[in-house]
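Participant: Dropping the structure in here first, questions after.
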Amino acid sequence: VYSNQVNEATGVALDASYVTSGPSGGRTKSYGYTGYLTNTLGNGNVIGLRGEYLNEDRVGGNLLAFGGTKKPSLTSITASYELKNEALKGMRTLFEIRFDSANSAIFPTKTGSKKNQTTVSLAQVLSF
């Protein structure tokens, strides 16, 4: 894990992981990379960008069990905006838009499945 506060407002973090799982002789090797960039605006609100990539070395692995005939991989990009809440200490309002893309059709639809999806979320988070 690499993390750095570039300046008072901007932060960068990078993470990489490598995992093996399953019985000997049939072990799956999985790896992933994640990068974060955040910037605190003058009003205290925070904007962020996160990118992720996950992959397994064989079909039918334990961690990204998509099914199908391809070695599974997943890429994700998320943009976020966090509102500073002056009224309630410990309360955060988060807005995110996320785009996911896989090399196989893993995201369900009404008529089957597709290889990518976009998700929009709004969350209230209370920390205490």
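Participant: Below 13 angstrom from the Cβ of residue 50, what's the summed charge of the other residues (Lys, Arg +1; Asp, Glu -1)?
Facilitator: Numbers: positive: 98; negative: 15, 52, 82, 96, 100.
Surrounding charge for residue 50 is -4.
Participant: If you count only protein heavy atoms with a 1.4 Å probe, what accessible area per residue comes out for the chain, rounded to a whole Å²? Walk me through the numbers before you get to the answer.
Facilitator: Working: 8460 Å² over 128 residues.
Value returned for the chain: 66 Å² of accessible area per residue.
Participant: Now for a separate question. Using a 1.4 angstrom probe on heavy atoms only, work out the carbon and sulfur share of the accessible area of the stretch 10-49 in %.
Facilitator: Ligands and nucleic acids excluded, carbon and sulfur reach 62 percent.
Participant: Here is a follow-up. Assigning unit charges at the beta carbon (Lys, Arg +1; Asp, Glu -1) and nothing else, what dipole magnitude in debye, to the nearest 20, does the chain show about its Cα centre?
Facilitator: Numbers: 13 positive and 9 negative charges, 105 e Å.
It comes to approximately 500 debye.
Participant: Further question on the same structure: Taking the Cβ-Cβ separation of residue 12 and residue 125 as r and a Förster radius of 22 Å, what is the calculated FRET efficiency to the nearest 0.05? Kindly include the intermediate steps, with their values, before the conclusion.
Facilitator: Working: r = 22 Å, r/R0 = 1.02.
My answer for the efficiency is 0.45.
Participant: Now for a separate question. What does the charge add up to near residue 29, with Lys and Arg as +1, Asp and Glu as -1, over the other residues with Cβ less than 9 Å from its Cβ? Mind showing how you got there, number by number?
Facilitator: Working: positive: 27, 58; negative: 56, 57.
Counting the neighbours of residue 29, the net charge comes to 0.
Participant: Also, quick follow-up: Ranked by accessible surface with a 1.4 Å probe, highest first, in what order do 99, 128, 107 come?
Facilitator: These residues rank, largest area first, as 128, 99, 107.
Participant: Karplus couplings for the stretch 115-120 from phi (6.51 cos²θ - 1.76 cosθ + 1.60, θ = phi - 60°), rounded to Hz, Gly and Pro as x?
Facilitator: For the stretch 115-120, the Karplus-derived couplings read 8, 9, 7, 10, 10, 10 Hz, x marking Gly and Pro.
Participant: For log10 I(q)/I(0) by the Debye sum over Cα atoms at q = 0.11, 0.12, 0.18 Å⁻¹, several values are listed as (1) -0.54, -0.63, -1.05; (2) -0.44, -0.52, -1.02; (3) -0.34, -0.41, -0.95; flag the one computed from this structure.
Facilitator: (1)
Participant: Please calculate the 1.4 Å probe accessible area of residue 36, with all protein chains present, and give it to the nearest 10 Å².
Facilitator: In the full protein context, residue 36 sits at about 100 Å².
Participant: Counting Lys +1, Arg +1, Asp -1, Glu -1, what net charge surrounds residue 121 among other residues with beta carbon under 10 Å of its beta carbon? Write out the running numbers ahead of the final one.
Facilitator: Working: positive: 98; negative: 96.
With Lys, Arg at +1 and Asp, Glu at -1, the neighbours total 0.
Participant: Using the scaling law 2.2 N^0.38 Å as the reference, what is the normalised Cα Rg of the stretch 83-128? Provide the component values of the computation, followed by the final result.
Facilitator: On the way: Rg = 16.1 Å, N = 46, 2.2 N^0.38 = 9.4 Å.
My calculation over the Cα atoms of the stretch 83-128 gives 1.71.
The values are calculated or read from the model by the stated rules, or taken from the named source; none is laboratory data. Please read these numbers as outputs of a predicted model, since none were measured by experiment. Quick reminder, even Gly has a Cβ in these numbers, built from the backbone with ideal geometry, and neighbours come from all protein chains shown. Ligands, DNA and RNA are stripped out before the accessible areas are found, and what is left, the full protein with its side chains, is counted by its heavy atoms. Shrake-Rupley method; radii C 1.70, N 1.55, O 1.52, S 1.80 Å.
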